[in-house]
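Data first, discussion second: the structure below is written as structure tokens.
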Amino acid sequence: MIQIQLDKAPPVADGPIDHLVACHRRIEHRLDTLERAGAALDQSPEASLIAIENSVRFMDVSGVLHTIDEEESVFPRIRNAANPDEIAYLDNLEAEHREADQVYLRLKEVATSLMNGVTPEAIPEYRNLVAKLSGMYRSHIASEDQVLMELGRRVLTPSELEVIQSEMRARRASA
């Protein structure tokens, strides 16, 4: 069965690092939903399309906020205390964000096309794009969970974490 959920950007958890990790789990859940929906498009197109639409909505709100949180609040502050290898790592994460954005934009186009009518040609393209995006995201998330979050815990000061948390809350209040 495909789960259908309507989402708004969740409030920021107790701390920004914990919030980012929790958001990773939510993104992984949406990737799972997109994969399951793609697998079920032939048999259950209506339910699949609702699940796809809700997952895209989540990615357009919470996924975008997550990237902004990292790139505008977390990465710049880590850069201030990072060594050259860590800065290169952050640069790579940002490049991965851009690559995933391109795949996601094409996925949204195909999903929009599916909303206007499921065709046999669109289903394999949708499935391929979801598989590509899922692979990219899962690798990226694993790296962030293992490296970035530990780096943040090590170098970010309590006052920086408070400011990051305030910035994240402000973004969600206006989302």
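A compact table of results
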item: Condition check for R25: at pLDDT 95 or above and in contact with a Gly (Cβ under 9 Å, 6 or more places away or on another chain); result: no
item: Region 99-110 - residue that is more than 15 Å from the chain's Cα centre (by Cα) and open to solvent by 60 Å² or more (accessible area, probe 1.4 Å) and, of those, nearest to I27 (Cα to Cα); result: R106
item: Some residue of region 54-73 being open to solvent by less than 60 Å² (accessible area, probe 1.4 Å) and part of a loop (DSSP other than H, G, I, E, B); result: no
item: Some residue of region 146-161 being in contact (Cβ under 8 Å) with a residue 12 or more places away in the chain, of a type outside the set (A, V, I, L, M) and closer than 23 Å to E96 by Cα; result: yes
item: Flag if G38 is among the small types (G, A, S) and at pLDDT below 95; result: no
item: Unique match (being farther than 30 Å from D42 by Cβ, open to solvent by 30 Å² or more (accessible area, probe 1.4 Å), modelled with pLDDT of 95 or more and in contact with a helix residue (DSSP H, G or I) (Cβ under 6 Å, 6 or more places away or on another chain)) among E125, E162, E96; result: E96
item: Count of residues meeting criterion [open to solvent by 40 Å² or more (accessible area, probe 1.4 Å) and within 18 Å of L156 (Cβ to Cβ)] in region 76-88; result: 8
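The values are calculated or read from the model by the stated rules, or taken from the named source; none is laboratory data. Model, not experiment: these values are computed from the prediction. FYI the Cβ positions are ideal-geometry reconstructions off the backbone, even for glycines, and counts take in every protein chain you see. Accessible surface areas use protein heavy atoms only, side chains included; no ligands, DNA or RNA. Shrake-Rupley method; radii C 1.70, N 1.55, O 1.52, S 1.80 Å.
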